[in-house]
1. Please work out which residue is most open to solvent (accessible area, probe 1.4 Å), limiting yourself to segment 54-86 and to residues that are over 12 Å from Leu101 (Cα atoms) and of a type in the set (S, T, N, Q).
2. Output yes when any residue across segment 53-66 is at pLDDT below 95, part of a strand (DSSP E or B) and touching a strand residue (DSSP E or B) at 6+ places or on another chain (Cβ under 9 Å), and no when none is.
3. If I ask for residues that are among the hydroxyl-bearing types (Ser, Thr, Tyr) and under 16 Å from the mean Cα position of the chain (by Cα), which ones from segment 89-135 would you list?
4. Going by the structure shown, is Leu153 touching a Phe, Trp or Tyr at 6+ places or on another chain (Cβ under 6 Å) and under 16 Å from Glu99 (Cα atoms)?
5. Count, please, the residues in segment 73-103 that happen to be assigned to a helix (DSSP H, G or I) and not small (Gly, Ala, Ser).
6. Being out of contact with any Pro (no Cβ under 7 Å at 6 or more places or on another chain) and hydrophobic (A, V, I, L, M, F, W, C) is the filter; apply it to segment 87-101 and report the residue that is surrounded by the most Cβ atoms within 10 Å (Cβ to Cβ).
7. With respect to Ala119, determine if the residue is open to solvent by 40 Å² or more (accessible area, probe 1.4 Å), touching a Gly at 6+ places or on another chain (Cβ under 9 Å) and part of a helix (DSSP H, G or I).
8. Looking at this structure, is Glu29 surrounded by fewer than 18 Cβ atoms within 10 Å (Cβ to Cβ), modelled with pLDDT under 80 and within 25 Å of Ala140 (Cα to Cα)?
Amino acid sequence: MSDAADADEPTGDDAKTERERIRERKRRELEARLGDGEAVDGSAGPDAGDDRGAAAPSEPIHVNGTDELRRAVDEHDVVLVDCYADWCGPCQMMEPAIEALAAETDAAVAKVDVDANQAVAQQLGARSIPTLVLYADGEAVDRFVGAQDRATLESAIAEHAA
C-alpha cells in the first residue's frame with residue numbers, strides 16, 4: 001500500500017470528529033423539539049394525533065411483506081429501504097454503513113431480503129442489489145442502485161429530513 005492511499009483513509013480522530021458532529025446535530029434537534037413543547041417521544045406538539053413522525057428506531061427494521069413495508073413508510077417521515085441479499089458482496093460491504101445510518105440519522109432504515117420477499121422487491125423495482133429507496137412523507141423521493149458510500153446516503157437523508 002502506498003503512502004498516498006494511507007493518507008486518504010480516515011483516522012480514528014476523523015471518525016471521532018464525525019460522531020461528535022452527529023451527536024451535536026442530534027442534540028440541537030432535540031433541544032429545538034423540546035423548545036416547541038414537543039416531548040422527546042413526539043407524543044405532544046402539533047402532530048400528536050398523527051402516526052407519521054414516530055421516532056426512528058436505532059436499528060434496521062426487517063420487513064417481511066408489502067404490508068410491513070407500507071406500515072414502516074407510513075409511520076416515519078423518512079425511511080431508507082435497503083433491498084439486499086445475504087450472499088451479495090456489495091450488500092455485505094454496506095451493512096456497517098446501513099446500521100450506522102439507522103443509529104445516527106433521523107431516518108428509519110428498513111431492510112428487505114429480496115430472496116425471502118420477492119413481491120416486495122418487485123414492488124420496489126429492485127432489479128439488482130443492493131437497491132436503496134428513500135421515502136419522505138410516504139413518497140419515494142430517491143433511488144440508489146449498487147454500493148453507495150455512507151456520506152451519499154447521509155446527505156440524501158438529511159436533505160429530506162425536516
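1. Asn64
2. Yes; the residues of segment 53-66 include at least one that is at pLDDT below 95, part of a strand (DSSP E or B) and touching a strand residue (DSSP E or B) at 6+ places or on another chain (Cβ under 9 Å).
3. First, the residues of segment 89-135 that are among the hydroxyl-bearing types (Ser, Thr, Tyr): 105, 128, 131, 135.
Of everything in segment 89-135, those that are among the hydroxyl-bearing types (Ser, Thr, Tyr) and under 16 Å from the mean Cα position of the chain (by Cα) turn out to be Thr105, Thr131, Tyr135.
4. No: the conditions fail for Leu153.
5. As a first pass, look at segment 73-103 and keep what is assigned to a helix (DSSP H, G or I): 73-75, 89-103.
This time we only want the ones that are not small (Gly, Ala, Ser), so: 73-75, 90-96, 98-99, 101.
Total satisfying the criteria: 13.
6. Let us first name the residues in segment 87-101 that are out of contact with any Pro (no Cβ under 7 Å at 6 or more places or on another chain), namely 87, 89, 92-93, 95-97, 100-101.
Right, trim to hydrophobic (A, V, I, L, M, F, W, C) and you get 87, 93, 97, 100-101.
Working: Trp87: 9, Met93: 11, Ala97: 18, Ala100: 17, Leu101: 23.
Looking at residues that are out of contact with any Pro (no Cβ under 7 Å at 6 or more places or on another chain) and hydrophobic (A, V, I, L, M, F, W, C), I get Leu101.
7. On the way: open to solvent by 40 Å² or more (accessible area, probe 1.4 Å): yes; touching a Gly at 6+ places or on another chain (Cβ under 9 Å): yes; part of a helix (DSSP H, G or I): yes.
For Ala119, the condition - open to solvent by 40 Å² or more (accessible area, probe 1.4 Å), touching a Gly at 6+ places or on another chain (Cβ under 9 Å) and part of a helix (DSSP H, G or I) - is met.
8. Working: surrounded by fewer than 18 Cβ atoms within 10 Å (Cβ to Cβ): yes; modelled with pLDDT under 80: yes; within 25 Å of Ala140 (Cα to Cα): yes.
So Glu29 passes the test.
The values are calculated or read from the model by the stated rules, or taken from the named source; none is laboratory data. Bear in mind the structure is a predicted one, so any value in this text is a computation, not a measurement. Positions of Cβ are backbone-derived with ideal geometry, glycine not excepted, and every protein chain shown enters the neighbour counts. Areas reflect the complete protein model, heavy atoms only, side chains present, ligands, DNA and RNA absent. Shrake-Rupley method; radii C 1.70, N 1.55, O 1.52, S 1.80 Å.
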